[in-house]
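See structure below.
Where a number appears in this text, it was derived from the coordinates with a stated rule and is not lab data. In this text the structure is predicted, and so the values were computed from the model without any measurement. Don't worry about glycine lacking a Cβ; one is built from the backbone with ideal geometry, like all the others, and counts go over all protein chains shown.
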Amino acid sequence: MTITAPPTTKPMQALVLTAPHEFEIRDDQPIPRPRENEVLARVRAIAICGTDAEIVEGTFKGRWPRAYPFIPGHEWSGEIVGAGEVAKGYGFVPGTRIAGTSHSGCGYCRMCRTGRYNLCFNYGREDLGHRQYGHYTQGAYATYVVHTIKAVFKIPDAMPFDVAALCDTASIALHSVKRPGINPGDVFVAVGSGGMGLLTAMCARALGAARCIVVGGGKRLERAKDLGFETVDYHDGDPTARVREMTGGIGADVAIDSAGTKDSVAQTIRVLRKGGRAAFTGIPKEASSIDFQKIVLEEIDLYGVRANRNTMEEVIPLIADGRIPAARLITHHFPLKDFAEALRTFNERVDGALKVIIEP
């Protein structure tokens, strides 16, 4: 592919949110310019995330985004077409193929210095260097996007751009699995059969889980079976009882909730054996009832998950060599101009939609 510099006078195309659940595809947006530690990239593929759908809906109005108009999007890949001098010094030169992620910490607070930049104490302070792209910082549903080099990662030449757009999601899944930890031979349960749920199961298997059980429903469970996972359909009765039946009455060693519902949070805890570990990567919208007697008397460990930290460089080679077969989650492709139909396909799970790719 020939890499050319971006036009200096022509505008770019972008998805622009103008109000909750109101958006336009505009062809008059100015192309952003990179600073010293930033790159300008031509976006080749971007995946719709469940958080994107919530941001479009206005669920987090005032936080994500802070104001309108706003360009969302954070699961993307492309190639660099422009870079600041500091970025070039680190090897981020025009022509470099990259995948992006959303978090870029300030780099100086205690959280950042200990590697937990996803919990940066200066969250939201762009004047101090923090960014969360596609959330409150302008995102990647556009022809071009600017990111700091702390939030972009080089990808292999052989990795297709649509697959590379899943690296951010997969890195969150890997962080979700690493938080509670996987010991060789563990029984793992993914509560939620969407893209994130299936990716957590892939990561758990890659890290040594002996059995991976996916709790969910609909056509997505068929994809889980195709990937070699055991499945439990919550439409067929109490999934907790079914998991216990499948594990000889003991329960799972590790469970991760990616659904973020009142029921899924409770199920994630109930499927665990004594001494089990649970992580929560879905963002609940309502309070959940938690069985604290079980947590105390059975010494259950609970872990919250905020996006990812330091897992992009770990997950990219696992996707590249097939140990995490993320490509099998891609079900649809749309041009940016058809974003409305793409979003409907994602939200309504048309034909079992999992990862829907937009190509600006």
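Treating each Cα of the chain as one equal point scatterer and applying the Debye formula with no solvent, the log10 of I(q)/I(0) at q = 0.08, 0.09 Å⁻¹ comes out as -0.39, -0.49. For segment 113-119, the Karplus equation 6.51 cos²θ - 1.76 cosθ + 1.60, evaluated at θ = phi - 60°, returns couplings of 5, 9, x, 9, 5, 5, 10 Hz by residue, with Gly and Pro reported as x. Between Tyr68 and any residue 5 or more places off or on another chain, the built amide H atoms are never under 5 Å apart. For segment 258-285, list residues with backbone N below 20 Å from a point placed 7 Å from the Cα of Asp233 toward its Cβ? It comes to 264, nothing else. Helical content alone sets the calculated 222 nm signal of the chain at -7000 deg cm²/dmol, taking -39,500 (n - 2.57) per DSSP H segment of four or more residues and averaging over every residue. Whole-Hz Karplus values for segment 26-41 come out as 10, 10, 10, 7, x, 6, x, 10, x, 8, 4, 9, 10, 10, 9, 10 Hz, taken residue by residue from phi with 6.51 cos²θ - 1.76 cosθ + 1.60 and θ = phi - 60°; glycine and proline positions read x. Within a straight-line Cα-Cα reach of under 28 Å, Lys294 can be paired with the following lysines, leaving aside sequence neighbours fewer than 8 residues apart in one chain: Lys178, Lys262, Lys274, Lys285. The dipole here belongs to segment 173-304: it is taken about the Cα centre, uses +1 on the Cβ of Lys and Arg and -1 on the Cβ of Asp and Glu, and is about 260 debye. Once backbone amide H atoms are built at 1.01 Å from N, His74 has Ala140 as its partners under 5 Å, excluding neighbours fewer than 5 places away on the same chain. Annotation: amide H of Val214 within the under-5 Å range of Ala190, Glu230, Thr231, Val232, sequence separation 5 or more or interchain, hydrogens built in the peptide plane.
Highest mean packing first, where packing is the average number of other Cβ atoms within 10 Å per residue, the peptides 162-174, 37-49, 280-292 line up as 162-174, 37-49, 280-292. When each of His21, His103 is scored by the number of other beta-carbon atoms lying within 10 Å, the sequence from fewest to most is His21, His103.
Couplings for segment 103-112, taken from phi via the Karplus curve 6.51 cos²θ - 1.76 cosθ + 1.60 with θ = phi - 60°, read 8, 9, x, 5, x, 10, 6, 4, 4, 5 Hz in order; Gly and Pro are left as x. Each of Val189, Phe70, Leu318 was placed along the dipole of the chain (beta-carbon charges, centred on the mean Cα), and the one lying farthest toward the positive end is Leu318.
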